[in-house]
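Just so it is clear, none of the values below were taken in a lab; they were calculated from the coordinates. Every value quoted in this text rests on a predicted model; they were computed, and no experiment measured them. In this analysis, Cβ positions are derived from the backbone assuming ideal geometry, glycine residues included, and neighbour counts consider all displayed protein chains.
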Amino acid sequence: MKKNLQIVFIFFFAVINAQNTANRFFYELTYKPNKDSVKLEKEMMTLDIDQNKSVYQSYEFIALDSLGNVMITESMKNGNMPDTKTLERKKQTKFVHRIFKNYPIQEITYKDQILMDYYSYRENPNLIWKISDEKQKIGIYNTQKATTDFGGRKWTAWFTTEVPFQDGPYKFYGLPGLIVKIEDNEKNYSWELKGNRKIDHIKDTLYMEGFIKQSGLSSSKEITKEKFLEKYEQYKKDPLASMKQLFSQLPAGVELPDNSSITEKMREAEKKMKEELAKNNNSIEIQEKINKRK
């Protein structure tokens, strides 16, 4: 009897723990950042799924956040300034947005960072899929073809019913299975599933976002999609506007540890950011151009 009770308890807690875990799906994103160039770039993206929701984000962004957590924790423990060069040497991401889908999916929450501030908006993409009889083996999955129009592009997706999630990368969802591959007809953007593993849970807020908010240097606002687009256009014209306002409160002539002035550094940073924004001009949603930190 005692042994049977032990087995029941072990099984019970195993089930409870299993319900608290999530699945992380890894998608390789191949994309063309500049619409006037044929050069393609790649970045690994993730789609974390549990019973209630999913979160899509850059894997490099998650790695940078984890590194920032370690550096700041060590810095506070030892009383030293964080070694920012470690972060600079780390591979950077061009995608800092996070996309949340709550199940059953009615709407999507898109969250992005514009310099120090965080903005989010809600939308329902209302994807209308046309499912064909065409089938294809992609990796280990048997998939079926579907097409849709979204964001000014025509998309072809391959989904599998072998995985019990009706979800996919970015804002794509609504097929009777997990999207294994999806790309637009001009191959500007293409996601392909490369693997998956279990994770403990989905993080609604990453460490650095919480830390910056606690410092009082950042705000978080939910606005309309239209307002977000306006703010992003303003950001492209003057990418360091809020930082200029912040540093204007410092005494004149303040120098950084390398003896350079804040004004010099700001000028260099602004030039670099504007160059990057100009080079990365091929958004996923070409009608609105909202998705990337360029």
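Which of the pairs K154/K244; K181/K271; K39/K194; K111/K194 have their Cα atoms more than 29 Å apart in this structure? Listed pairs above 29 Å: K154/K244; K181/K271. Panel order for Y170, Y31, by other beta carbons found within 10 Å of each beta carbon, from fewest to most: Y31, Y170. Summarising the strand pairing of region 21-223, around 95 percent of its internal DSSP beta bridges are antiparallel.
Histogrammed with a bin width of 5 Å, the alpha carbon distances of region 21-223 distribute as 1, 7, 13, 18, 19, 16, 11, 7, 4, 2, 1, 0, 0 percent, first bin at zero. Exceedance of the 23 Å cut-off in Cα-Cα distance is limited, within the set K35/K272; K101/K236; K171/K225, to K101/K236. Highest mean packing comes first when the peptides 135-143, 34-42 are listed by Cβ atoms within 10 Å, giving 135-143, 34-42. Scalar couplings 3J(HN,Hα) for region 32-48, obtained by applying the Karplus form with A = 6.51, B = -1.76, C = 1.60 to θ = phi - 60°, are 10, x, 10, 5, 9, 10, 9, 5, 10, 10, 10, 8, 7, 10, 10, 10, 8 Hz; x denotes Gly and Pro.
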